[in-house]
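Visitor: Quick one: the structure is below, and I'll ask about it shortly.
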Amino acid sequence: MKTMSGINQAIIVTAGRTIRLGSLTKDRAKPMLPVLGKPIIIRIMDRIKEAGINNFIVVVGEQDGEVASYLHSGWAPDAKVQIVLQPMMRGAADALASAANYITGPFLVTSCDHIVPVDHIRALMRDFSETSTDMVLSLTPYSYELGLPFVNIEDDKITAINQGTPQERRAQSAFLMYACNKRILTYTSSSSSSSSTNDYEMVKMVQSVLSTGGCVKYHNVEWYMPLTRDLDLLHINKRLLREGRDTHILSEIPGSVHIVPPVRIDPQVSIGQGAKIGPNVYLESGTQVGAEAVIWDSIVIGKAEIADHEVVHGQIVLRRQRISEEPEAAKTRPSKPAGLQEMFPSPKKDESAS
């Protein structure tokens, strides 16, 4: 099925370094990190499919066997998925070169480490179809922390793209979700010829398109959630919980457990009597929550255990580690959210002891 834009393929780049995700990727690859019961790569592909694309090329590295296995198990019966191996991690331009033989026409290319609105994907494809252009790039406000390439814009066209720090205070950055004409593949060989792995955003390739008179347009994203550090996984899960996507309770829980939506509880989760769960909580399969435990604004993954009476707030809970978004001083006794404060008040101080 072809979309109105003429784009009927999406290339997903999975191979890449995960230096800043060391805590989360010890036991699973970055594309397999969980977002409300599914690997993040599947959440991205779900959104692209919702935008109208059913034909996918997933470029994997040698360490991404788990990704290939998951996709081969039948992610979506009506979707076509081609797995392509990228032997060396040499950036997205090289990933496109690896997939070139399977690309049949205009395509969408994206990485496996960010979530955007479905409407942005549709708009990107629509802008591509309505203009005579080689590429339409996704833009977000520049952030020094993310280190994305920044662009120069004149007359609604991108005239330059560069890595580094822009001089303009309101500069825009390009992140890897591009709508592309197939002819840009002629630039992939020169862009990926070095052994460097930091050409992830295809900067050199876009520069080559511009330098030869190609037309590059853009579309600004409403919001953009990258997975570049550990806590980003918490923020992405919370965002999708607030959207109401797959906020289901799929385990049997005691009647005394109090749920404050939005919450996602996977199958095979054990929750003790009197526990308070939510809002903004995701419990992955294998999680065990003790009696009278209180959890909110957190995700519990990797078959982790929450002790009886434990209070968990603003954390990613792993089996052997806790990753918190709060300072150490604030983690010892977090306050309950407004909805729980009245229902489960803190114990009164024993004045007779003073």
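The values are calculated or read from the model by the stated rules, or taken from the named source; none is laboratory data. These numbers were taken from a predicted model, which means no experiment stands behind them. As a convention, Cβ positions derive from the backbone with ideal geometry for all residues, glycine included, and neighbour counts pool all protein chains shown.
Visitor: (1) part of a loop (DSSP other than H, G, I, E, B); (2) in contact with a Phe, Trp or Tyr (Cβ under 6 Å, 6 or more places away or on another chain): which one isn't true of residue 78, the others all being true?
Guide: (2)
Visitor: Something else about it: From the list 285, 270, 256, pick out the single residue that is under 24 Å from the mean Cα position of the chain (by Cα) and small (Gly, Ala, Ser).
Guide: Numbers: 270 fails: under 24 Å from the mean Cα position of the chain (by Cα); 256 fails: under 24 Å from the mean Cα position of the chain (by Cα).
Only one candidate passes the filter, namely 285.
Visitor: Filtering segment 60-99 down to residues that are acidic (Asp, Glu) and buried (at least 17 other Cβ atoms within 10 Å of the Cβ), which residue is farthest from residue 37 (Cα to Cα)?
Guide: If we take residues in segment 60-99 being acidic (Asp, Glu) and buried (at least 17 other Cβ atoms within 10 Å of the Cβ), then 94 is farthest from residue 37 (Cα to Cα).
Visitor: Since residue 108 meets every condition but one in (1) at pLDDT 90 or above; (2) in a helix (DSSP H, G or I); (3) of a type outside the set (Phe, Trp, Tyr), which condition does it not meet?
Guide: (2)
Visitor: Right, here's the next one. Restricting to segment 62-75, and then to whatever is closer than 27 Å to residue 125 by Cα and assigned to a loop (DSSP other than H, G, I, E, B), can you tell me which residue is nearest to the chain's Cα centre (by Cα)?
Guide: Here the answer is 75.
Visitor: Could you pull out the residue among 122, 90 that is in contact (Cβ under 8 Å) with a residue 60 or more places away in the chain and out of contact with any Gly (no Cβ under 8 Å at 6 or more places or on another chain)?
Guide: Residue meeting the stated conditions: 90.
Visitor: Name the strands (runs of 3 or more DSSP E) wholly within segment 198-310 that hold at least 3 residues that are without any contact (Cβ under 8 Å) to a residue 60 or more places away in the chain and on the phi < 0 side of the Ramachandran plot?
Guide: The strands (runs of 3 or more DSSP E) meeting that bar are 294-296.
Visitor: Follow-up. Suppose we filter segment 297-314 for residues that are buried (at least 22 other Cβ atoms within 10 Å of the Cβ) and either outside the structural domain of residue 260 (by TED's automatic domain parsing) or in contact with a helix residue (DSSP H, G or I) (Cβ under 9 Å, 6 or more places away or on another chain) (or both); how many remain?
Guide: Residues flagged as buried (at least 22 other Cβ atoms within 10 Å of the Cβ) and either outside the structural domain of residue 260 (by TED's automatic domain parsing) or in contact with a helix residue (DSSP H, G or I) (Cβ under 9 Å, 6 or more places away or on another chain) (or both) within segment 297-314 amount to 3.
Visitor: Would segment 81-92 turn up any residue that is among the hydrophobic types (A, V, I, L, M, F, W, C), in a helix (DSSP H, G or I) and touching a Lys or Arg at 6+ places or on another chain (Cβ under 8 Å)?
Guide: no
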